[in-house]
Amino acid sequence: MVSTLVQPDLFGEQTKTVQAKGKRKRHTSIHTTHKTLTWSYGGGTQSIALALLVASGKLPKPDIVVFCDTSEEASETWDYHNTYIVPLLASVGVTVEIAPHNLATVNLYGHNGDLLLPAYTETGKFPGYCSSEWKKYVFRRYVRSKGVKECVTWLGMSTDEVERIKPSDVQWQQYAWPLAFDVPMSRIECRQLILNAGYPEPPKSCCWDCPHRRNPQWLRLKRYYPQDFSKAVKRDKEIRERDPLHAVYLHESRKPLDEVDFTQPDIPSLFGDENGGCQSGYCMV
Ligand code: SF4
């Protein structure tokens, strides 16, 4: 039951211990007096955990919360967000604002014609610029359009993702990682926090055509969200048709998506995709 949104026993025993450690390590950047406190909400496990921490008063309320709409975010993420997170945050007066995809200046291909998705080639994988173009820059344009001059931005990486942490590349925006430093929690602990609070299994947030998906995620998309899966199959064909070598794929097997057996174990990834793979810090959280 999720109608009682701020629960006194939000943290279980184990998480209280982690929270105590977090106090010793408190990272000052989430508490700021002169900078706007913003949060890049990603719709995944860590963002949902952050929402619970905000709703329970364990973290301060951000001034602006932004969910960048890539126009390709999986239906499952939106369903969970609208059903559970919007009312949860609304109960403490926090609104999640949606930054529209038209704030991006490029869509599937960059200005130089390169595919932005981190798709597989015959011998490797594209670096993937979609996260920066569709999320990082869109977030910045959105908060700038709201008059923000300087801000701290929460990103949702957890303690198991510290290798993904990178400082901001612009002076006016400083990053903070509450789940890595302030209330240190791993992805597993975030999930447990969510389940302990009475919420359903959180979705792994990513686009329906994201090549970082692993087989269990593809299988789930195919079984429960067939419309999203159909769009992914179409996208997979589309990028191959446009590729000069006709050899780019959404799936690591380098097979057309509609020919892949997702019940097979994943190939051990060479690209660090187990935890989402996206390096910008704006995706999969
Ligand atoms: S979820 Fe995947 S496809 Fe979507 S923006 Fe992030 S890296 Fe790109």
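The values are calculated or read from the model by the stated rules, or taken from the named source; none is laboratory data. Since we're looking at a predicted model, the values are computed, not measured. Cβ coordinates were reconstructed from backbone atoms using ideal geometry, including for glycine residues, and neighbour counts include every protein chain displayed.
Provide a single number: the residues in the stretch 187-207 that are surrounded by fewer than 23 Cβ atoms within 10 Å (Cβ to Cβ) and closer than 19 Å to residue 118 by Cα.
Final tally of qualifying residues: 0.
Name the helices (runs of 4 or more DSSP H) wholly within the stretch 159-253 that hold at least 3 residues that are in the same structural domain as residue 59 (by TED's automatic domain parsing)?
Numbers: elements: 187-196, 215-224, 226-242.
Helices (runs of 4 or more DSSP H) meeting the threshold: 187-196.
Just need a number here: residues in the stretch 202-233 that are near the ligand (Cβ under 10 Å from one of its atoms) and either without any contact (Cβ under 8 Å) to a residue 40 or more places away in the chain or more than 18 Å from the chain's Cα centre (by Cα) (or both).
1
For the stretch 162-171, check the following and say yes or no: at least one residue is away from the ligand (no atom under 16 Å from the Cβ), surrounded by fewer than 19 Cβ atoms within 10 Å (Cβ to Cβ) and either closer than 30 Å to residue 255 by Cβ or of a type in the set (Asp, Glu) (or both).
Within the stretch 162-171, one or more residues are away from the ligand (no atom under 16 Å from the Cβ), surrounded by fewer than 19 Cβ atoms within 10 Å (Cβ to Cβ) and either closer than 30 Å to residue 255 by Cβ or of a type in the set (Asp, Glu) (or both).
Within the stretch 137-152, can one find any residue that is surrounded by 20 or more Cβ atoms within 10 Å (Cβ to Cβ), farther than 29 Å from residue 111 by Cα, assigned by TED's automatic domain parsing to the domain that holds residue 38 and modelled with pLDDT of 95 or more?
yes
Quick one: which residue in 91, 131 is within 12 Å of the ligand (Cβ to nearest atom) and of a type in the set (Ser, Thr, Tyr)?
Being within 12 Å of the ligand (Cβ to nearest atom) and of a type in the set (Ser, Thr, Tyr) holds for just one of 91, 131, which is 131.
Please determine, by comparing only the residues of the stretch 94-128 that are among the hydroxyl-bearing types (Ser, Thr, Tyr) and closer than 27 Å to residue 35 by Cβ, which one is farthest from the ligand (Cβ to nearest atom). Quick ask: steps written out before the conclusion?
Here is the first cut: in the stretch 94-128, the ones among the hydroxyl-bearing types (Ser, Thr, Tyr) are 95, 105, 109, 120-121, 123.
Imposing the further condition that a residue be closer than 27 Å to residue 35 by Cβ reduces the set to 95, 105.
Details: 95: 23, 105: 15 Å.
Only one residue fits best here, namely 95.
Considering only residues that are modelled with pLDDT of 95 or more and β-branched (Val, Ile, Thr), which ones fall in the stretch 160-202?
Across the stretch 160-202, the qualifying residues are 170, 183, 188, 194.
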